[in-house]
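Asks: This is the structure, below, for whatever I ask next.
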Amino acid sequence: MQALQLSNFGASNLLLVDNVLPEPQEHEVVVRLGAASLNPRDSQIIAGQFTNAVDFPLIPLSDGAGTVTAVGAAVTRFNVGDTVTTLFFPNWHSGEAFAGERAVSTGLEVPGAAREVGIFHEDTLARSAPHLSAAEAACYPCAGLTAWSALFDKSCITKGSWVLIQGTGGVATMGIQLAKAAGAKVIVISSSHDKLAKAQGLGADHLINYLENPDWGQQAFELSGHGVDAVLEIGGTATLENSLNAIRHGGHINIIGYMAGIEMGITVFPLIIKNANFHGIGTGNRDSYESLMSFVADHRLHPPIHQRFPLNKLQQALNTLDTDSPFGKVIIDIAAP
Ligand SMILES: NC(=O)c1ccc[n+]([C@@H]2O[C@H](COP(=O)([O-])OP(=O)(O)OC[C@H]3O[C@@H](n4cnc5c(N)ncnc54)[C@H](OP(=O)(O)O)[C@@H]3O)[C@@H](O)[C@H]2O)c1
C-alpha cells in the first residue's frame with residue numbers, strides 16, 4: 001500500500017512511498033481510502049505558506065473518504081464495510097473547542113488522506129451519507145462543513161432566509177446547495193459569467209458579476225428587500241465592506257476565507273449601526289458534521305466536482321486548484337473510481 005509523503009516544502013518534494021501499517025489497536029479502524037479532495041489550505045501547507053511548524057515527512061490532505069476494512073476488538077462506532085470520511089479536526093467532537101480540541105488537524109499535525117490505507121481511532125472518523133461516492137464524500141470534511149457551520153450553526157438560516165455567497169469554489173458551491181435545500185433565497189457573486197450560469201444551475205436565484213458591479217453589496221441589499229440574513233465571506237479585505245452593505249440589521253457575516261486579502265480594514269460604525277454579527281468560522285465539530293451528513297442524505301445532494309486526478313498527479317491537481325479557479329471541488333482518486 002502506498003502513501004504520498006512530503007519530505008520538505010514544495011510540491012516537487014511529494015514522493016510515493018510504501019506505507020506499512022500495523023494491526024489495528026482496540027479502538028482503531030482500518031480504512032481503504034477511495035478519494036481525497038483539495039482545499040487551499042492543503043496547497044498552502046505543501047508550499048510552506050501556511051505554517052513553518054511541519055513535522056516532515058508529512059502525509060498531506062485533510063479530506064478523505066473510504067471504506068472500513070477492519071476494526072479493533074473494542075470498536076463500537078463502525079463495522080467493516082461502512083463508508084466514512086476523515087474529520088478536519090479529529091478531536092473536536094461537540095460544542096466549543098475550549099480544551100484544545102482544535103490543536104490537531106488532519107493532514108498537518110496528524111497524517112492526512114493522501115494514502116491508500118490509514119489507521120484511525122474510531123472517534124476521529126464519521127459516516128458518509130450513503131448515496132455519495134468516495135469522491136463526493138471527500139468534498140465535505142472541510143469545505144462542506146464550513147458552509148454548514150456558517151449557514152446553520154451560526155446564521156440559523158431557514159426557509160425564506162436570504163443568503164449571499166461569494167464565489168463559486170468548494171465552500172461556495174456546497175453553500176449554494178445547502179442553502180437552497182433549506183429553502184433560502186441565494187445571491188451568488190462571481191468574476192465569471194460562465195460560473196454564474198453554473199451557479200444558477202445549482203439553484204442560485206440572483207447572480208452578480210462582482211468585477212462588473214463593484215457595489216454588489218448594495219445590489220444584494222436591494223434584491224433581498226431589507227438586506228440579506230447571512231453572508232459567506234470568502235474574499236476578506238476586498239469584500240468585507242460590500243458584505244456589510246449587503247446585510248440586514250442583525251444579519252450575519254461569516255468570516256471564512258481570505259482569497260482577496262487577510263486584513264479587516266473596516267471602521268466600527270457600520271457594525272454598530274447594523275447590529276452586525278461577525279462569526280469567525282473554523283470548519284466545525286463532529287456533531288455538526290453528522291448533522292450535515294444527514295441533511296445531505298435527506299436531500300440527496302451531490303457536490304459539484306471540477307476535475308479529478310490520480311494520487312500520483314497531486315502536483316498537477318494542486319496547480320489546477322491554485323490557477324484554474326475551479327467551479328466546485330478538485331478530487332484526488334486514490335482507488336480506481
Ligand atoms: N475558515 C474555514 O474553516 C475555511 C474552510 C475552507 C476554506 N476556507 C477558505 O475559504 C476560501 C475559499 O475556499 P474554497 O475551498 O472555496 O476555495 P476555492 O475552491 O479555491 O474557491 C475560491 C473562490 O474565491 C472566490 N473569490 C476570489 N476572490 C474573490 C473576490 N474578490 N470576491 C468574491 N469571491 C472571490 C472565487 O470566485 P470566482 O472564481 O467565482 O470569482 C473562487 O470561487 C479560501 O480562502 C480558504 O482558505 C476557510
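Derivation of every value follows stated rules applied to the coordinates shown; laboratory data play no part. Since the structure is predicted, the reported quantities are computational estimates derived from the model, not experimental observations. Neighbour counts run over all protein chains shown; Cβ positions are idealised from the backbone, glycine included.
Asks: If packing is taken as the average number of other Cβ atoms within 10 Å across a peptide's residues, how do 91-103, 64-76 rank, most packed first? Mind dumping the intermediate values first?
Replies: Details: 91-103: 13.8, 64-76: 18.4.
With the highest mean Cβ count within 10 Å placed first, the list reads 64-76, 91-103.
Asks: Which whole-number percentage describes the relative contact order of the chain, with Cα contacts under 8 Å and a sequence gap of 6 or more? Don't skip to the end; give the middle numbers.
Replies: Values: 811 pairs, mean separation 63.5, N = 337.
Normalised by residue count, the contact order of the chain is 19 percent.
Asks: Over the stretch 143-280, what is the mean sequence separation of C-alpha contacts under 8 Å (at least six apart), divided by residue count, expressed as relative contact order in percent?
Replies: Relative contact order comes out at 21 percent.
Asks: Same structure, new question: Calculate how many DSSP beta bridges within the chain are antiparallel, expressed in % of all such bridges and rounded to the nearest 5.
Replies: 50
Asks: Subtracting the Cα-Cα distance from 0.36 nm times the residue separation, let me have the gained length for Leu271 to Lys313 in nm, one decimal.
Replies: 10.6 nm
Asks: Report the net charge of residues surrounding Asn242, where surrounding means a beta-carbon distance below 11 angstrom and charges are Lys +1, Arg +1, Asp -1, Glu -1.
Replies: With Lys, Arg at +1 and Asp, Glu at -1, the neighbours total -3.
Asks: Can you give me the Cα centroid spacing of the stretch 216-238 and the stretch 14-70 in angstrom?
Replies: One Cα centre to the other: 37 Å.
Asks: What is the diffusion coefficient of the chain in µm²/s, taking the Kirkwood radius over Cα pairs and the Stokes-Einstein relation at 37 °C with a viscosity of 0.692 mPa s?
Replies: The estimated diffusion coefficient comes to 162 µm²/s.
Asks: Also, quick follow-up: So how long is each side of the stretch 1-109 along the principal axes, counting just the alpha-carbon atoms, biggest first, in Å?
Replies: 39, 38, 21
Asks: Rg to Rh for the stretch 143-280: what is it, with Cα atoms only and Rh by Kirkwood?
Replies: Answer for the stretch 143-280: 0.92.
Asks: Excluding residues on the same chain fewer than 8 positions from Lys159, give the lysines whose Cα lies under 26 Å from its Cα.
Replies: Qualifying lysines at Cα under 26 Å: Lys180, Lys185, Lys195, Lys198, Lys274.
Asks: Near Lys313, which lysines are there with a Cα under 22 Å away, not counting those fewer than 8 places off in the same chain?
Replies: The reachable lysines, counting only those whose Cα sits under 22 Å from Lys313, are Lys329.
Asks: Another one. Treating the beta-carbon of each Lys and Arg as +1 and of each Asp and Glu as -1, no other charges, what is the dipole magnitude of the stretch 169-310 about its Cα centre, to the nearest 20 debye? Show your work: numbers first, answer last.
Replies: Values: 9 positive and 12 negative charges, 69 e Å.
Rounded to the nearest 20 debye, it is 340 debye.
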